[in-house]
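A quick write-up on the structure given underneath.
The values are calculated or read from the model by the stated rules, or taken from the named source; none is laboratory data. Owing to the predicted nature of the structure, the values given are computational and were not obtained by experimental measurement. In this analysis, Cβ positions are derived from the backbone assuming ideal geometry, glycine residues included, and neighbour counts consider all displayed protein chains. Side chains are part of the model used for accessible areas, which takes the heavy atoms of the whole protein and leaves out ligands, DNA and RNA. Shrake-Rupley method; radii C 1.70, N 1.55, O 1.52, S 1.80 Å.
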Number of protein chains: 2
Amino acid sequence: VSAQNRQFRLGARPDGPVKHSDFELTTEPVPEPGEGEVLVRSEYISLDPAMRGWMNDARSYVPPVGLGEVMRAGVAGTVVASNSDALNAGDAVTGMLGVQEYAVAKPQALIKVDPSLAPLPAYLGALGMPGWTAYFGLLDIGKPQPGQTVLVSGAAGAVGGVVGQLAKLHDARAVGIAGGPAKCEYIVQELGFDVAIDYKHEDVPRKLREHCPDGVDVYFDNVGGDILDAALARLARKARVVICGAISQYNSAEFQGPKNYMSLLINNASMTGFVVFNYFSRYPEAIAALTGWHAEGKLTARVDVAEGFENFVETLNRLFKGENTGKLVLKIA
Amino acid sequence: VSAQNRQFRLGARPDGPVKHSDFELTTEPVPEPGEGEVLVRSEYISLDPAMRGWMNDARSYVPPVGLGEVMRAGVAGTVVASNSDALNAGDAVTGMLGVQEYAVAKPQALIKVDPSLAPLPAYLGALGMPGWTAYFGLLDIGKPQPGQTVLVSGAAGAVGGVVGQLAKLHDARAVGIAGGPAKCEYIVQELGFDVAIDYKHEDVPRKLREHCPDGVDVYFDNVGGDILDAALARLARKARVVICGAISQYNSAEFQGPKNYMSLLINNASMTGFVVFNYFSRYPEAIAALTGWHAEGKLTARVDVAEGFENFVETLNRLFKGENTGKLVLKIA
């Protein structure tokens, strides 16, 4: 065990894409767990689009990361020292431990996971928060009915890939929008989507007319921008638009509003936003369902693994360039 | 009874505000009612913001008015000849009879109203379709709870004025946005709103912070544009945004999308669109409720009466200039 703990601390409010100069790479002694606490060694850092928003000094569903604070991030790791009866050294856990190599935490802030059932980083993806996000957003807000058409953007990403698979598990059609032929092949061949639309090379409005002839009943939006407008233009009556994210906009100073929002009026449709934290009390339900489907071979949980703690900034930016397929994590141990 | 029937027919698709040259003023013989039909003489033509959208050649909740067709409009008038047992000459009725002095209709397409309970044009306003729009949009979608804050734009208009009154009848706070001191005084003094914000002379975001310190629980939007964005920025958790119209945008080639729509995500809020026609089967419920409140003196139904059939175009444009207070009608008989 190294005696040092490296950390990425937020040094400045980024303007556009994050840069190295927005962070301070600090080194501290590994902390000691207090009474009732455990020490976790990070093995995988989760890279999530929402992290970009947490760096802005704006009112949101969580406070912004303060200047000088360790950058907020999900982590999967191993308990290396425990002063608690709830967890033992050697236990695998996930939690919001930040971009650092070690962290002290209380057991109630951690989730114990079983690496014999799935690779550890899968618990940061389809079996973790992105999976829960897909689960509650699609099933609780989108409410797809058998035979209905579910459209999802960012379909090759951590959340979008689960949305499509859950749609299929609920007997709906799954149409995914992703960037490039490789991702499109991935979501159809590996994840079982019915159709993929390559927004980088295809005319999205035309493809939506072709592949959603009866309209879109549920649109799960991870990207915002022009793709949200194209989806709005194609809504079915009483459609549900689920606003989960807007990755195309996170590096912009001002968001592009959906100019086709009056499609909600024409179609008696709704657009509802959520964050997974709203469903905290129901996480066990999502965990049980997703791990069950995974064990039955019905839920694929691909992880895109980058390496090297020092590569945090470049790796985070890969999300916004659309360079990851499946859940993006940074392996650091 | 004149033997002639003057009509405004749509002659061209307007570009921006409607012009005289977009219409053809035609004169025809007064039609004869067929078997089971009645002849109605128009007395008041309803001017509604939605009429502008009906002139565009675009997919919507109703087909566009065809070129050469009589312009679609609500009308209040009197049966002057009847070949039906359902209605007698002398009966007052409303219906979608178009911008013309006479029309033949089947009784099932008309609503018989009682001018002894309220002035005839009120049945085109608070006791008619705008009232039903407010009723279903606010109560069915907005669902205000006692003590919650209901914000409505276009608050001095036909729909907005009823929304605020219904909010008060349901023990919610009513905050209205209107243009100019006279309208602001009207909604507070005559309609009973708690607060008015004058968007022409006041800083709307600042006034919303001041008058909605706990956020907006229900925002009933009639205007779109910057005011929609200001309201989104002020939503309370689990707020409901009701999209009823976007009068600030109807003369634009492209709508301004709400750039603050991610407030839906931050606040776990929803934005739902509707048109009153969705509630056709429940019109009797709204009619009974609204006429009941009106009879009890709890619902004010002000009408802004313009005169002269030939002034249809200028009168319609008054809506988009914000020149009417209460329901705008054109008296023609």
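Across 5 Å bins from 0, what is the distribution of all Cα-Cα pair distances for the stretch A:160-213, in whole percents?
Here the calculated profile for the stretch A:160-213 is 5, 23, 32, 24, 14, 3.
If we count every other residue with Cβ under 13 angstrom of B:P29's Cβ, Lys/Arg +1 and Asp/Glu -1, where does the sum land?
Details: positive: B:R6; negative: B:E28, B:E32, B:E101.
Here the charged neighbours net out to -2.
From other protein chains only, count the Cβ atoms within 10 Å of every residue's Cβ in A:86-96, then give the mean.
Working: counts 0, 0, 0, 0, 0, 0, 0, 0, 0, 0, 0.
Shielding by partners across A:86-96 averages 0.
Give or take rounding to whole Å, what are the principal axis extents of the alpha carbon atoms in the stretch A:173-331, in descending order?
49, 36, 33
When chain B is treated as a GNM, springs tying every alpha-carbon pair under 10 Å, which of B:Y123, B:Y250, B:Y61 comes out with the largest mean-square fluctuation?
B:Y61
Determine ³J(HN,Hα), in whole Hz, for all residues of the stretch B:288-293 in sequence, where each value follows from phi through the Karplus function 6.51 cos²θ - 1.76 cosθ + 1.60 and θ = phi - 60°; x replaces Gly and Pro.
Rounded to whole hertz, the list is 4, 5, 5, 5, x, 5.
Which whole-number percentage describes the relative contact order of the stretch B:257-333, with Cα contacts under 8 Å and a sequence gap of 6 or more? Working shown, then result.
Numbers: 45 pairs, mean separation 19.6, N = 77.
About 25 percent, as a whole number.
Sorted by packing (mean other beta-carbon atoms within 10 Å per residue), highest first, where do B:10-16, B:258-264, B:240-246, B:43-49 land? Can you show the working numbers first?
Details: B:10-16: 14.7, B:258-264: 23.1, B:240-246: 27.0, B:43-49: 24.7.
Packing order, densest peptide first, comes out as B:240-246, B:43-49, B:258-264, B:10-16.
Tell me the distances, shortest first, between A:G68 and the same position across the other copies, using label points 7 Å along Cα→Cβ, in nm to one decimal.
Sorted ascending, the copy-to-copy spacings read 7.7 nm.
Under a plain spin-label model, where a point goes 7 Å from the Cα along Cα-to-Cβ, how far apart in nm are B:A58 and A:L25?
5.2 nm
Quick check: convex hull of the Cα atoms in the stretch B:126-174, volume per residue, rounded to a whole Å³?
Numbers: hull volume 2.7 nm³, N = 49.
In the stretch B:126-174, the Cα convex hull volume per residue is 55 Å³.
Counting only heavy atoms of the protein chains, get the accessible area per residue of chain A (1.4 Å probe) and round it to a whole Å² value.
Details: 13060 Å² over 333 residues.
With all protein chains present, chain A gives 39 Å² per residue.
Against the 2.2 N^0.38 Å scaling, with N counting residues, where does the stretch A:245-333 land? I'd like the Cα-based Rg ratio to two decimal places. Please report the intermediate quantities before stating the final value.
On the way: Rg = 18.0 Å, N = 89, 2.2 N^0.38 = 12.1 Å.
Compared with the compact-globule rule of thumb, the stretch A:245-333 sits at 1.49.
Taking only the alpha carbons of the stretch A:205-280, what extent do you get along each of the three principal axes, in Å, biggest first?
Rounded to whole Å, the extents work out to 33, 29, 22 Å.
Taking Cα pairs under 8 Å and at least six residues apart, what relative contact order does the stretch A:118-273 come out at, in percent?
Details: 322 pairs, mean separation 30.6, N = 156.
20 percent.
Note down, for the stretch A:31-90, the three equivalent ellipsoid semi-axes (square root of 5 times each alpha carbon gyration tensor eigenvalue), biggest first, whole angstrom. Before the final figure, lay out the partial values.
On the way: eigenvalues 159, 36, 18 Å².
With the √(5λ) rule applied to the stretch A:31-90, the semi-axes are 28, 13, 10 Å.
Which one, A:F312, A:N260, B:L290, projects farthest toward the positive side of the charge dipole computed for the protein assembly as shown from Cβ point charges (K/R +1, D/E -1)?
So the residue we want is B:L290.
Would you compute, from DSSP H runs of 4+ residues alone, the mean residue ellipticity of the protein assembly as shown at 222 nm, taking -39500 (n - 2.57) per run and dividing by the full residue count, rounded to the nearest 500? List each step's numbers first, then the result.
Values: 18 runs with 144 residues, N = 666.
One gets -6000 deg cm²/dmol as the mean residue ellipticity at 222 nm.
Could you go through the stretch A:194-205 in sequence order and give the Karplus-derived ³J(HN,Hα) for each residue, using 6.51 cos²θ - 1.76 cosθ + 1.60 with θ = phi - 60°, rounded to whole Hz, and x for Gly and Pro?
6, 8, 10, 10, 8, 5, 7, 10, 10, 7, 4, x
Among B:L67, B:V150, B:V79, pick out the residue whose Cα is farthest towards the positive end of the charge dipole of the stretch B:38-176, where Lys and Arg carry +1 and Asp and Glu carry -1 on C-beta, about the Cα centre.
B:V150
Counting only other residues whose beta carbon sits under 9 Å from that of B:R13, what net charge do I get with K and R as +1, D and E as -1?
Details: positive: none; negative: B:D15, B:D22, B:D57.
So the environment of B:R13 carries a net charge of -3.
Chain B: which residue's Cβ hugs the B-to-A rotation axis most tightly, distance rounded to whole Å?
Nearest-to-axis residue on chain B, with distance in whole Å, is B:G257, 1.
Report, in debye and to the nearest 20, how large the dipole of the protein assembly as shown comes out about its Cα centre when Lys and Arg carry +1 and Asp and Glu carry -1 on their Cβ.
On the way: 60 positive and 74 negative charges, 28 e Å.
The calculated dipole for the protein assembly as shown is roughly 140 debye.
Distances from A:N311 to the same residue in each other copy, label points 7 Å out along Cα→Cβ, in nm, shortest first?
Those label-point separations list as 7.5 nm.
Buried accessible area for the B:A pair, summed, 1.4 Å probe, in Å² rounded to 100?
Working: alone 14430 and 14430 Å², together 26120 Å².
Buried area (both sides, nearest 100 Å²): 2700 Å².
Quick one: pull the percent of accessible area on chain A belonging to carbon and sulfur, 1.4 Å probe, ligands and nucleic acids left out. Provide the component values of the computation, followed by the final result.
On the way: 6500 of 13060 Å².
Carbon with sulfur: 50 percent of the solvent-accessible area.
Please identify every one of the trypsin sites (Lys or Arg not before Pro) in the stretch A:7-67 that sits in a loop by DSSP and has no more than 11 other beta carbons within 10 Å of its own beta carbon.
Within the stretch A:7-67, the qualifying trypsin sites (Lys or Arg not before Pro) (loop, at most 11 other Cβ atoms within 10 Å) are A:R59.
Compute the Rg/Rh shape ratio of the protein assembly as shown: radius of gyration over Kirkwood radius, all on alpha-carbon atoms.
Numbers: Rg = 29.2 Å, Rh = 27.4 Å.
When Rh is taken as the Kirkwood radius, the ratio is 1.06.
Within the P(r) computed for chain B, what percentage of the Cα pairs occupies the region above 39 Å?
Details: 7193 of 55278 pairs.
Cα-Cα pairs in chain B separated by more than 39 Å: 13 percent.
Using θ = phi - 60° and the Karplus curve 6.51 cos²θ - 1.76 cosθ + 1.60, what whole-Hz ³J(HN,Hα) does each residue of the stretch A:238-243 get, with Gly and Pro shown as x?
6, 5, 10, 9, 9, 8
For the stretch B:1-118, take the alpha-carbon Rg, divide it by the Kirkwood Rh, and send me Rg/Rh.
Values: Rg = 14.9 Å, Rh = 15.0 Å.
Ratio value, two decimals: 0.99.
Can you give the local net charge around B:D48? Use residues other than it whose beta-carbon is closer than 14 angstrom to its beta-carbon, Lys and Arg +1, Asp and Glu -1. Kindly include the intermediate steps, with their values, before the conclusion.
Working: positive: B:R52, B:R72, B:R318, B:K327; negative: B:D304.
Surrounding charge for B:D48 is +3.
How far is A:H201 from the same spot in each other copy, in nm, shortest first, if each label point sits 7 Å from Cα toward Cβ?
From this label point to the equivalent ones elsewhere in the assembly: 6.1 nm.
Short version: what are the Cα gyration tensor semi-axes of the stretch A:99-223, square root of 5 times each eigenvalue, largest first, in whole Å?
On the way: eigenvalues 183, 53, 30 Å².
Equivalent ellipsoid of the stretch A:99-223: 30, 16, 12 Å, largest first.
What residues qualify as long-range amide H neighbours of B:I197, i.e. H under 5 Å apart, gap of 5 or more or another chain, H built at 1.01 Å from N?
B:G176, B:I177, B:A178
What relative contact order, as a whole-number percentage, does chain B give when Cα pairs under 8 Å and 6 or more residues apart are counted? Before the final figure, lay out each step's value.
Numbers: 759 pairs, mean separation 57.9, N = 333.
Here the relative contact order equals 17 percent.
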